[in-house]
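The values are calculated or read from the model by the stated rules, or taken from the named source; none is laboratory data. Given the structure is predicted, the values throughout are model-derived calculations rather than measurements. Cβ placement follows ideal geometry from the backbone for every residue including glycine, while neighbour counts extend to all protein chains displayed.
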Ligand code: KIV
Ligand code: ZN
């Protein structure tokens, strides 16, 4: 058996995709879960890209142990300085530096000659080695690069001290046999390659990222890079859960072992989806909500006789319970006990009582108590509950018909209650208009989704509202947006809770301020 290292870049390549921006707290929450999943390397960010990202990498490096924490840089000394600064207190720091090596990238993007690129690559690795011993080098767009040039670059950067060589298919152009052949070629033709870890990094533009990564691994790569749920630039990165389960399901024939705890896959996928606000498509392999459902009569009959007729993975193996339990302030002790048991906690009745009391306090302050929160409660740690300046006190909505839909909303803003009504294209639109007017905030709803997270007519609905403060005003899509979440059996209320949650997040970040009706009246010179 050979060991395959799993390199997660959800927080870097995943985060740099359309519509996703994570703050340091959110990145940390995901990083902690990645440790539970058992990944070997967490690429925590690109420190030179913003002070916020530098801070997120710094906090992950300082707080997350037992895993290598990696930071990305271009082959530029100032980027490497930012990585070194961010990784100062990390237990096992890695700098991931590199440059594009394909003719199209060198000529059109970098406007540099191959000789200049080679010089920059070697200098970057040498410079990074001044700060850390573990330096990974990437040749961006390696798949479309000239083989002879790749050979020179890889040989030279290994001599300069690179410990890992990343061979990306940056634009997702390869087919599995071609990508596998590239990895074999590198191993056979570059003598220095046997001294380093060889990493595969694939994008999914032709829907082949998982297949390409597996082909590269089969050819001899010893590290795979990817993201949870396959999030990432354009069509995304390799979905790590797919590679992990493909290898796990055929572990004998691959002859590969990994340090992954597959039972944490579902929880990691759900957490990433919840924190990024990017829903997991229902038909997504391994983690989609339909991945373990059987709808046709013939299939159901087969599964009832023997589940292995149509199931190659047991949902429980990757951490899905057959019935998902979502905890809110309406949940009773029974649901809490079942959820804790599902998470592996066996508590005495007295302990359940005390956890339940704390749980209710948290549930009153948060619309949805996460597994992370519950684990913190059980371990007696404080749960970070943001002070919510805006609270939804009541909501009445009508769907309209001949006249347009309407909603009457009562909000508590900084301790005072305010009521307003609005009409809209539907009851959700009407509720959002009323909330926006009551808060006096300038926010644009840039995305909204609703799904059932339990089954049956009384299912719990989870709404996700993405808000941009002040509207996008032509700014990059997604930059600065926040995601709010609400859970309730009443889906209009879940939607209003999601909107209010997003407003509270913007307030907590100091990105907007509320001007409730009293303040609005004063500003208009009418007095209160
Ligand atoms: O896809 C790519 O080439 C990358 C590198 C920056 C590693 O993400
Ligand atoms: Zn990439």
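Would you be able to say whether some residue in the range 126-142 is more than 16 Å from ligand 2 (Cβ to nearest atom), part of a helix (DSSP H, G or I) and out of contact with any helix residue (DSSP H, G or I) (no Cβ under 7 Å at 6 or more places or on another chain)? Among the residues of the range 126-142, at least one is more than 16 Å from ligand 2 (Cβ to nearest atom), part of a helix (DSSP H, G or I) and out of contact with any helix residue (DSSP H, G or I) (no Cβ under 7 Å at 6 or more places or on another chain), which makes the answer yes. Do you know which residues across the range 89-107 are part of a helix (DSSP H, G or I) and away from ligand 1 (no atom under 16 Å from the Cβ)? 107 - this is the single residue of the range 89-107 that is part of a helix (DSSP H, G or I) and away from ligand 1 (no atom under 16 Å from the Cβ). Is it the case, given these coordinates, that residue 78 is more than 20 Å from the chain's Cα centre (by Cα), surrounded by fewer than 21 Cβ atoms within 10 Å (Cβ to Cβ) and free of Cβ contacts under 8 Å to residues at least 40 places away in the same chain? When the stated conditions are applied, residue 78 passes them. Evaluate the range 143-150: report whether one residue or more is assigned to a helix (DSSP H, G or I), within 13 Å of ligand 2 (Cβ to nearest atom) and more than 18 Å from residue 72 (Cβ to Cβ). Yes, there is a match, as at least one residue in the range 143-150 is assigned to a helix (DSSP H, G or I), within 13 Å of ligand 2 (Cβ to nearest atom) and more than 18 Å from residue 72 (Cβ to Cβ). Considering the range 151-164, and only residues there that are at negative phi and in contact with a strand residue (DSSP E or B) (Cβ under 9 Å, 6 or more places away or on another chain), the residue that is nearest to ligand 2 (Cβ to nearest atom) turns out to be 164. When the range 42-53 is filtered for residues that are under 24 Å from residue 372 (Cβ atoms) and surrounded by fewer than 24 Cβ atoms within 10 Å (Cβ to Cβ), only 52 remains.
Selection over the range 370-382 of residues that are touching a residue at least 24 places away in the same chain (Cβ under 8 Å) and over 15 Å from residue 342 (Cβ atoms) gives a count of 0.
Residues in the range 197-211 that are assigned to a loop (DSSP other than H, G, I, E, B) and crowded, with 20+ Cβ neighbours inside 10 Å: 204, 208. Candidates in the range 417-447 are the residues that are touching a residue at least 40 places away in the same chain (Cβ under 8 Å), in a strand (DSSP E or B) and touching a helix residue (DSSP H, G or I) at 6+ places or on another chain (Cβ under 7 Å); of these, the one that is surrounded by the most Cβ atoms within 10 Å (Cβ to Cβ) is 443.
Once the range 237-251 is narrowed to residues that are touching a helix residue (DSSP H, G or I) at 6+ places or on another chain (Cβ under 8 Å) and surrounded by fewer than 23 Cβ atoms within 10 Å (Cβ to Cβ), the residue that is nearest to residue 19 (Cα to Cα) is 242. Restricting 167, 198 to residues that are more than 15 Å from ligand 2 (Cβ to nearest atom), closer than 18 Å to residue 141 by Cα and either modelled with pLDDT of 95 or more or not assigned by TED's automatic domain parsing to the domain that holds residue 95 (or both) narrows the list to 198. The residues of the range 230-249 that are away from ligand 2 (no atom under 15 Å from the Cβ), closer than 20 Å to residue 274 by Cα and in contact (Cβ under 8 Å) with a residue 60 or more places away in the chain amount to a single one, 241.
The residues on offer are 57, 69, 39, and the sole one that is buried (at least 23 other Cβ atoms within 10 Å of the Cβ) and in a loop (DSSP other than H, G, I, E, B) is 39.
One residue is enough: does the range 68-80 have a residue meeting the conditions closer than 11 Å to residue 44 by Cβ, away from ligand 1 (no atom under 13 Å from the Cβ), assigned by TED's automatic domain parsing to the domain that holds residue 128 and in contact with a helix residue (DSSP H, G or I) (Cβ under 6 Å, 6 or more places away or on another chain)? Yes: one or more hits.
Just one of the listed residues (118, 11) is more than 30 Å from residue 252 (Cα to Cα), modelled with pLDDT of 95 or more and either within 16 Å of ligand 1 (Cβ to nearest atom) or part of a loop (DSSP other than H, G, I, E, B) (or both), namely 11.
Scanning the range 162-182 for residues that are more than 15 Å from ligand 1 (Cβ to nearest atom) and in a helix (DSSP H, G or I) turns up 176, 177, 178, 180, 181.
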